[in-house]
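Worksheet for the structure shown next.
None of the figures in this text is laboratory data; all of them are computed from the coordinates on show. On a predicted model such as this, the values are computed, not experimentally measured, just so you know. Cβ atoms come from the backbone with ideal geometry, glycine included; neighbour counts cover every protein chain shown.
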């Protein structure tokens, strides 16, 4: 066995290019993608920025004047007039929108430019701005009428976007919607109170006396440790996917060996054929293990993905990595058996192209299984990559072997099934 | 019909073929001999326009192949060293494909396929997938694929490597038949001296990228014509006898072999008497004596200092 | 050329499993992903109560929360919720208290922000209303409030630059179909291209070279085959989902066919470049899956490219042919764009193809 293993490893070492591809490509890809996705995954919006154009056809001051003139023509009693004029100052809709845009959390993301319509359209076409928000003529007037007097049809903000929707437009739309909803919500409360004759409550609220905000809600980690960052999740989920490719690559070597008749020579050398399988299995396991550990280490050194100073943490990671690596060895073994039996490399192509993608999807490497139907999550936890992902995540949360044991047992069981079926499938000497 | 002029090929600064001049007449059967790495395959690749020479030229009927590889491709059939077939297809499908790329079509293609299948003796099994054939059968189809377009010149690069005696003999008979009956010119490389002796009129011997000897079989053998070899089988080694014979003036070379001794002596030197006397002196038991005129193998050994299959 | 081309089909007939598998996988993936609408379609939120939670409040909050269109708040035991979160079956769990809540997570996921925002909004509005309702007749106030809310004083309308109101679409199903189909076609095309490497290894390539065929004819035969096999695979997948599942691919079939052709050409060329770069066909085997996955990720086949904000990454995405393929396909199928508007993605794919092809063939020829 040792001899076969040495041969397989030597063959791999000789082919530096392939070894580099196996070990380093996943790291390279994760590094690249982590740059790409870090902003969004880390909840860091500093990179996330957009310019929007405001086209203001409304004249707020004039709107307020018109509205108050209306009130006068309606013959409101002076004290109501006074009261309303005061409220108008509080609820001038465009001013509220402006305040929202100047709010730090929004202004970090959105920069507003005031343009006229043709300029704005040009800018949108050139993708200089994400969206145009049109504040139509008499916007203030109509809004106030509806809000305070419940007269008219209210007002309409018009948003214009490019033909393609994007996350940016979605975010901006949700900001505008939030504003509109708040206005409507507050207006509905006021109107309900006025209609029911509880103007006093409204007046109190306007005084801002009852308005003391209560603290509520919040996000907590389920375990004593910090929640796992999405960057960590992403690193682990990619790692458990890429490691599967090793299986097919190693098995593909068997195809070449069969073609070059090295295989027959090995069989003729009076060694039990299973030894050949064993060599493939172990070399795949070794490579897989190295790949996983290198990936975690490089990611930690480059991005501080994981804490470096916790030996216990790394011990658990190593155990899970070893078990997953053995399972990948099982895949390599099964694929080798099939490749040798049918003398066909297509199976390895299908595995690396299709089956791995399938396992990655079900196992939660592309997006968390929690976003998919429940059955997928359940199946996913039975795939080696999915089970390993869960084990890694649980370990990172709780550092408790007993909670990850069921997942490790699943992976071991899968590895055993893979290895046993590969032995059954592997051609016996007589049939060669 | 074919000649090469100072053919040279340099790989990474090392000359693989270093100024080869050879020629072939129509209907001739020429052998190209040489140990592994002598540059035979490279030479053949250049002749068949597979690779471009670093310098020199190949001329077919006076025209440069280098300038227009097209002129040789239609008249040339190449049987490569490896089994260059699509092994998931049947023999028939393979032949049909290779016929078509030479522009054969329809009935003509069909009759050609059947003809070559007949020649290589696999007509009955043409519908089987190549992968399932034995090594010898694959070799025969490998050869058949090069003959469909009735080439004037057949280049064969070790076409009998690693196959059973029947298939080998079949291939050799086929080549000889084509050469002698149909006037096909054959350029044949092999490790097997006896194949070349059996098939070829003329032989080139290559080593280190150069032709070191050429001529008809007899001409080559005459290089060693001044000598003959005496094989003496003994019951056990006699070191004293060896020293004794080595100091004998008439014997050019004394070599110990597994069974006894090999002596190189001038032709017709009638030394057997003194050899027997020497054996008597050392009380050596002679089991068998054999006097041989030189073979191509001996010539080869003499010229290159290497055995052919080294 | 024709015979080389036809030969590949003959070989395919003998060994169809690879191509059939990838077609099958495309269909499987699209049905699966489009079937449940992709991520974020319907989220189930495991909800449990703090021991102090009153039954009445629990019912109230659950009802109010479940008004959401795409979220279901399911009542479970605390242990179940905790298990689900820590094993990743659920992204988050919600702990209800009388007038408060906590969201419990194991992993910070961007998608959970949606839920967090929603729950926060529900609670803040509801607490506001409760506070006011406590000062007046609660029942009356609620009814009146609902009525007023139904006549909002302000609205937002969204329209696209071209002025068609309906064209603000983000079609998940089509995105999945396009993304997965283009992604899997990379495998079929590149693995089929390995035939060239295989021929060189076996020696049939030399046989073809010494025949009267020109080298370009041999290449063209192979390339045409790989092109067609990829093209047909994409077409079959599109047709399948159009006919069986009624996906709306728009009306501009000519443009659609052209876009697919340009994309396929770009991938075939990229395959040639990769073959020129690697030394052996076995290295191809290691490179192809990683390359295809990387391209799909960077080019936006798995997730929409818009979530990428980093400039370098956006630039990288624009180096991926699949990015332009997806862009153009969406343009045709969703936005009904004509050829002039598609000129940019199409010409970039073609340019990409020509450059890769040139480099690839050059590298391959230099090696031999």
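Some values worked out for this structure:
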item	result
Most to least packed among B:78-85, B:280-287, A:296-303 [average Cβ atoms within 10 Å]	B:78-85, A:296-303, B:280-287
Among C:133, C:286, C:68, residue whose mean-square fluctuation peaks in a GNM of chain C (springs only between Cα atoms under 10 Å)	C:133
Using a Förster distance of 51 Å, the FRET efficiency for residue A:72-residue C:362 (Cβ separation, nearest 0.05)	0.05
Distance histogram in 10 Å bins (all Cα pairs of region C:204-298, percent per bin)	13, 33, 32, 16, 5, 0
Shielding of C:8-14 by partner chains, average beta-carbon count, 10 Å	4
Global geometry of region C:55-192, whether rounded, prolate or oblate, following the gyration tensor of its Cα atoms and the 1.5 cut on a/c	oblate
Rh by Kirkwood over Cα pairs, then Stokes-Einstein D for chain A at 0.890 mPa s and 25 °C, µm²/s	91
Listed peptides A:181-194, B:31-44 by packing density, highest first (mean Cβ within 10 Å)	B:31-44, A:181-194
Cβ neighbours within 10 Å from other chains - mean over A:129-135	1
Mean separation of Cα contacts under 8 Å (6+ apart) over length of region A:253-342, as relative contact order %	46
Relative contact order (%) - region B:2-126, alpha-carbon pairs under 8 angstrom, separation at least six	20
Most fluctuating residue given options C:16, C:51, C:289, as computed from a GNM of chain C linking Cα atoms under 10 Å	C:51
For peptides A:281-294, A:116-129, B:127-140, C:345-358, sequence by mean Cβ density within 10 Å, most packed first	A:281-294, C:345-358, B:127-140, A:116-129
Relative contact order of chain A, pairs being alpha-carbon contacts under 8 Å that are 6 or more residues apart, as %	17
Label-point separation, residue B:14 to residue B:36 (7 Å along Cα→Cβ), nm	1.4
Inverse mean reciprocal Cα-Cα distance (Kirkwood Rh) of region A:111-150, Å	11.8
Global geometry of region A:334-432, whether rounded, prolate or oblate, following the gyration tensor of its Cα atoms and the 1.5 cut on a/c	oblate
Partner chain coverage, peptide B:263-274 - average Cβ within 10 angstrom	0
Order of B:10, C:76, C:210 under a 10 Å beta carbon neighbour criterion, fewest first	B:10, C:76, C:210
Residues residue C:78 and residue C:142, FRET efficiency given R0 of 22 Å [Cβ-Cβ distance, rounded to 0.05]	0.10
Efficiency of FRET between residue C:232 and residue A:20 - r from beta-carbon atoms, R0 41 angstrom, step 0.05	0.70
Fewest-first ranking of A:86, B:176, A:410, B:168, using other Cβ atoms within 10 Å as the exposure measure	A:86, B:176, B:168, A:410
Where labels lie 7 Å past Cα in the beta-carbon direction, separation of residue A:417 and residue B:52 in nm	5.8
Under the Debye formula (equal points on every Cα, no solvent term), log10 I(q)/I(0) of chain B at q = 0.13 Å⁻¹	-0.95
Alpha carbon convex hull of region C:240-368, projected area averaged over orientations, nm²	9.3
Pair residue B:253, residue C:56: separation of 7 Å Cα→Cβ label points (nm)	11.8
Alpha carbon convex hull of region B:207-289, volume per residue in cubic angstrom	123
Computed helical MRE - 222 nm, chain C, DSSP H runs ≥ 4 contributing -39500 (n - 2.57), nearest 500	-22500 deg cm²/dmol
Whole-number D in µm²/s for region B:1-120 (Stokes-Einstein; Kirkwood sum over Cα pairs; 20 °C, 1.002 mPa s)	132
The protein assembly as shown: proportion of alpha-carbon pairs further apart than 49 angstrom, %	46
Gyration tensor (alpha-carbon) shape descriptor, region C:51-119, a/c threshold 1.5	oblate
